[in-house]
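Notes for the one structure printed next.
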Amino acid sequence: MNKIIALKEKGVKIHLHCYAYGKEKPAMLHELCHEVHYYKRNRGHKGFSFPIPYIVSSRANHALEERLSKDNYPILFEGLHTTFLLRNTSMLGDRKIAVRLHRLESRYYNDLTQITPFGAQKIYYFIESLLCRKHEKQILRNAICLSSSEELSLALKKIDNAINAQTIPQFTGRPFSFFKGGKGNFCLYFGKLSERENEYAALWLLEHVFSKIDIPFVIAGTDPSSTLENAAHLRMHTCLVSNPTEKELQDLIKKAQVCLLPSFISSNTGENIRESLILGKHVLTNKKGIKEKELIPICSTALNPEAFIEQTSTLFEKEFSEDDHYKREYALSNEYNASEAADQLIRILY
């Protein structure tokens, strides 16, 4: 949405093609875009088409292909998921084509393989990792690759030296001036809890950190499993908030004293770290949780459970000051500029 708003403000006429998942479709999109088209994703066995990754094959759509063949406008594919058509670029003509990536999907699914117990899901992650690697090599050289970090650009070039990878900063329409001094009343972990890596991190915090200290701890996110719900309610000082609204989640981030966001996969996007830095007080993560070197000085890090316990206890008693806020605002202002990002994207596409 932030990207659409930034491009609209620059006078770009947007033809949006996106997938519907049964959720409410934002009316605002029709105000921002020249036209909006929704497509159904083929879930389950209908979405499999070896040797193409499931995340890609399940989004193949003939109507989308037909619509795109009727003009010669530049195309921005958002994520590897949407790139089915890049397997055969002949129907796309000689237009400018770009793919914006937030992570290497092959690395992401390999990471999930490492933290998943043996079973059908682990096998699926392993196969998807192999198929994504093959797909990345095949299609990314057919487009301009846009990444959200220098580290990702370097990783893309390691896949194939022919890949044209460029870095464009994060788009954001959210101000980074929120400040509420003093102390919060609890620690917080949040994320899409239906995703394996987030459930793993939440369970890890419960088992290795908050089983040892009595500091109040809240887990918040969408579609938690019964396993996580049961684990979160084992102790009096830990709990789980299931499926909060966006406003409710933002309120939790603002009121938390410490946002604990460890990552156990190297391919995380860091989105929750950024949201915590924009809205919250202290942020505690580990080495895999933070990628951007500009953000390292404004986050606290820990390497093992003992360090997490010590840092959590210290930060829970430490007031978040105006000086902390100014340092954070300066670092974020250097990373986020939607207007500059939009200008850079327009130069590439046109």
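For Phe190, list long-range residues whose amide hydrogen, built 1.01 Å from N in the peptide plane, is under 5 Å from its own amide hydrogen. It is Ala220, by chain and number.
Any of Lys255/Lys293; Lys46/Lys157; Lys23/Lys158; Lys10/Lys287; Lys25/Lys254 with alpha carbons more than 29 Å apart? Name them for me. Over 29 Å apart, Cα to Cα: Lys46/Lys157; Lys23/Lys158; Lys10/Lys287. The string of couplings for the range 165-172 from the Karplus curve (6.51, -1.76, 1.60, θ = phi - 60°) is 9, 10, 9, 10, x, 5, 8, 8 Hz, one whole number per residue in order, with x for Gly and Pro. Distance distribution P(r), the range 176-262, all Cα-Cα pairs, bin width 10 angstrom from 0: 18, 53, 25, 4 percent.
Projected onto their three principal axes, the Cα atoms of the range 187-334 cover extents of 41, 29, 27 Å, largest first. Summarising the overall dimensions of the chain from its C-alpha atoms, the Rg and Dmax are 21.1, 62 angstrom. Under a 5 Å amide H cut-off, with hydrogens placed 1.01 Å from N, Leu240 pairs with Ile219 among residues at least 5 apart or on other chains.
Here the Karplus relation 6.51 cos²θ - 1.76 cosθ + 1.60, evaluated at θ = phi - 60°, turns the backbone of the range 194-203 into coupling constants of 6, 8, 4, 5, 6, 4, 4, 5, 5, 5 Hz, with x for every Gly and Pro. Rounded to the nearest 500, the 222 nm mean residue ellipticity of the chain from helices alone is -12000 deg cm²/dmol, with -39,500 (n - 2.57) taken per DSSP H run of at least 4 residues. Name the residue farthest towards the positive end of the dipole of the chain from the options Ala165, Phe264, Asn286, assuming +1 on Cβ of Lys and Arg, -1 on Cβ of Asp and Glu, about the Cα centre. Of the listed residues, the answer is Ala165.
Rounded to the nearest whole Hz, the Karplus-based 3J(HN,Hα) values (6.51 cos²θ - 1.76 cosθ + 1.60, θ = phi - 60°) of the range 83-98 follow the sequence 9, 3, 5, 6, 6, 9, 7, 4, 6, 8, x, 9, 5, 6, 10, 10, with x at glycine and proline. Among 217-230, 313-326, 191-204, sorting by the average number of other beta carbon atoms lying within 10 angstrom of each residue, highest first, gives 191-204, 217-230, 313-326. The amide H of Val99, built 1.01 Å from its N in the peptide plane, has Phe77, Ile144, Cys145, Leu146 as neighbours under 5 Å, considering only residues 5 or more places off or on other chains.
Read the figures in this text as sums done on the coordinates, not as results from a lab. Given the structure is predicted, the values throughout are model-derived calculations rather than measurements. A quick note on method: Cβ atoms are made from the backbone with ideal geometry, for glycine too, and the neighbour counts reach across all protein chains shown.
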